[in-house]
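Derivation of every value follows stated rules applied to the coordinates shown; laboratory data play no part. Note that the coordinates shown come from a computational prediction; the quantities given were computed from them, not determined experimentally. FYI the Cβ positions are ideal-geometry reconstructions off the backbone, even for glycines, and counts take in every protein chain you see.
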Amino acid sequence: MVTPLLLLYRTNDTNVPMEESIQMFTVLKLLGKPADLIQVDGEDHHILKYSRRIEWTNTILAYFSKPLKNEKGWWNELYPEQNY
């Protein structure tokens, strides 16, 4: 089994430039590896807004539900454009 990778980046991150996440995602896709890239607009390295933290946590939980529980519904509801 190949482990999928979720890359989450924040557009205002001062610690990790978003270009690094985009490069990593691009390389993984070129190699045929399962990966998803999610952009969180307007957040720095630490997400301080409570509503954004909930969204962040739900994204991670929904992502792991796909391969571990074979449940894609939650992920597809959150990110319909990234279905696999």
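By how many nm would the segment from Lys69 to Gln39 grow when fully extended, if each residue of separation counts as 0.36 nm and the alpha-carbon distance is taken off? Write down the numbers at each step before the final one.
Details: separation 30, 0.36 × 30 = 10.80 nm, distance 2.43 nm.
Additional length available on full extension: 8.4 nm.
Quick one: which residues, 5 or more positions from Leu7 or on another chain, have an amide H under 5 Å from its amide H? H modelled 1.01 Å from N in the peptide plane, none for Pro or chain starts.
Under 5 Å from the amide H of Leu7 lie the amide H atoms of Asp36, Leu37, Ile38, each far enough along the sequence or on another chain.
Got a sec to turn the phi values of the stretch 18-34 into Karplus ³J(HN,Hα) couplings, 6.51 cos²θ - 1.76 cosθ + 1.60 with θ = phi - 60°, whole Hz, x for Gly and Pro?
Coupling constants for the stretch 18-34: 4, 4, 5, 5, 5, 5, 4, 4, 4, 5, 4, 5, 4, 7, x, 8, x Hz.
If packing is taken as the mean number of other Cβ atoms within 10 Å per residue, what is the order of 48-57, 29-38, highest first?
29-38, 48-57
In what sequence, highest mean first, do 4-13, 72-81 appear when ranked by Cβ atoms within 10 angstrom? Before the final figure, lay out each step's value.
Values: 4-13: 16.0, 72-81: 12.9.
Listed from highest to lowest mean packing, they are 4-13, 72-81.
Compute the orientation-averaged projected area for the chain from the convex hull of its Cα atoms and round it to one decimal in nm².
Approximately 5.8 nm², given one-decimal rounding.
Can you tell me the dipole magnitude for the chain around its Cα centre, using point charges on the Cβ only (Lys, Arg +1; Asp, Glu -1), in Debye to the nearest 20? Let's see the in-between values first.
On the way: 9 positive and 11 negative charges, 66 e Å.
For this selection, approximately 320 debye.
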